[in-house]
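First up is the structure itself, then whatever we jot down about it.
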Amino acid sequence: MTLEFTITQASKMRAKRRRIKGERKWRILRLLSIISLIISLTSGTVGILFIPSEKIELISILGILFSVCLVLFFICRSLIANMASHWIDDRLNERIWVEDGRLYQFIQMNFAGGLNYRSADERANLYIMDLDTIHNAKYDPKSGRIEFNALGEGIFYNDYQTGVIRERWDLKEDFVAIFYDYTEPSLYEYLKSIGVKFSEETIPFKIRDARI
């Protein structure tokens with residue numbers, strides 16, 4: 001029997017918003033963006049409504065403050081959105097399913113950077129994790145981040161459509177599976193239902209954390 005988890009762009013967007021709101025890593029940037037927006041709007045409003053037109057120098061200063069803070073706001077929001085999309089938006093054409101006691105995760109690779117960073121080519125990774133080997137499972141209820149160790153197999157395809165495999169390797173004890181809970185049904189709830197014991201905690205990680 002196969003259980004296929006549904007993944008949509010809407011569910012990934014909700015997961016990213018939850019991550020931005022729930023993870024402490026983004027608090028300084030979020031606070032800076034809010035302060036910048038408030039200063040920008042305030043200086044613009046004051047300059048337009050309350051400063052006499054003959055006070056050119058003061059209006060110019062407020063105009064510069066408005067522009068600089070508005071740009072800073074967009075820079076902060078762009079940085080947050082970009083960094084918090086890791087493990088979510090960069091998993092192209094992702095599929096997750098369970099079959100014969102194993103958890104499968106299929107991810108295509110991006111074609112290039114820049115405007116093509118969400119365009120997939122023929123390369124892909126397939127992770128196959130034995131459910132009965134899952135251990136050291138953690139779940140962050142604020143952000144929906146899931147981490148666990150598991151044994152299994154990894155496959156890298158040069159061309160997944162024709163089945164051309166470049167590399168196969170064993171998932172060892174130090175392999176860390178990382179997910180955000182954006183599937184339907186919930187991957188976290190499913191794993192709990194089959195007996196995986198989770199520690200609910202705030203999970204520490206580097207801003208650009210990488211899978212071992």
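The values are calculated or read from the model by the stated rules, or taken from the named source; none is laboratory data. If you're wondering where the values come from, they're calculated on a predicted model, not measured in any experiment. Here Cβ is always computed from backbone atoms with ideal geometry, including for glycine, and neighbour counts include all displayed protein chains. When the accessible area is computed, the model is the full protein with side chains, heavy atoms only, and any ligands, DNA or RNA have been set aside. Shrake-Rupley method; radii C 1.70, N 1.55, O 1.52, S 1.80 Å.
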Next on the checklist: Please pick out the residue among Ser119, Ser33 that is modelled with pLDDT under 90 and farther than 30 Å from Lys172 by Cβ.
Outcome noted: Ser119
Item to check | Every residue from the range 1-17 that is in a helix (DSSP H, G or I) and open to solvent by 80 Å² or more (accessible area, probe 1.4 Å) | outcome: Gln9, Met13, Arg14, Arg17
Next on the checklist: Condition first: closer than 18 Å to Ile128 by Cα, of a type outside the set (Phe, Trp, Tyr) and under 22 Å from the mean Cα position of the chain (by Cα). Now tell me which residues in the range 182-206 satisfy that.
Outcome noted: Thr183, Leu187, Leu191
Item to check | Top-ranked residue of the range 86-105 - restricted to ones that are farther than 21 Å from Val196 by Cβ and part of a strand (DSSP E or B), ranked as least open to solvent (accessible area, probe 1.4 Å) | outcome: Leu92
Checklist entry - Does at least one position in the range 58-79 carry a residue that is in contact with a helix residue (DSSP H, G or I) (Cβ under 9 Å, 6 or more places away or on another chain) and not in a helix (DSSP H, G or I)? => result no
Checklist entry - What are the residues in the range 58-76 that are at pLDDT 95 or above, crowded, with 17+ Cβ neighbours inside 10 Å and either among the aliphatic types (A, V, I, L, M) or under 26 Å from Tyr182 (Cα atoms) (or both), if any? => result Leu70, Leu72, Cys76
Checklist outcome for this item: Out of (1) over 30 Å from the mean Cα position of the chain (by Cα); (2) open to solvent by 30 Å² or more (accessible area, probe 1.4 Å); (3) modelled with pLDDT of 85 or more, the one Lys55 does not meet is (3)
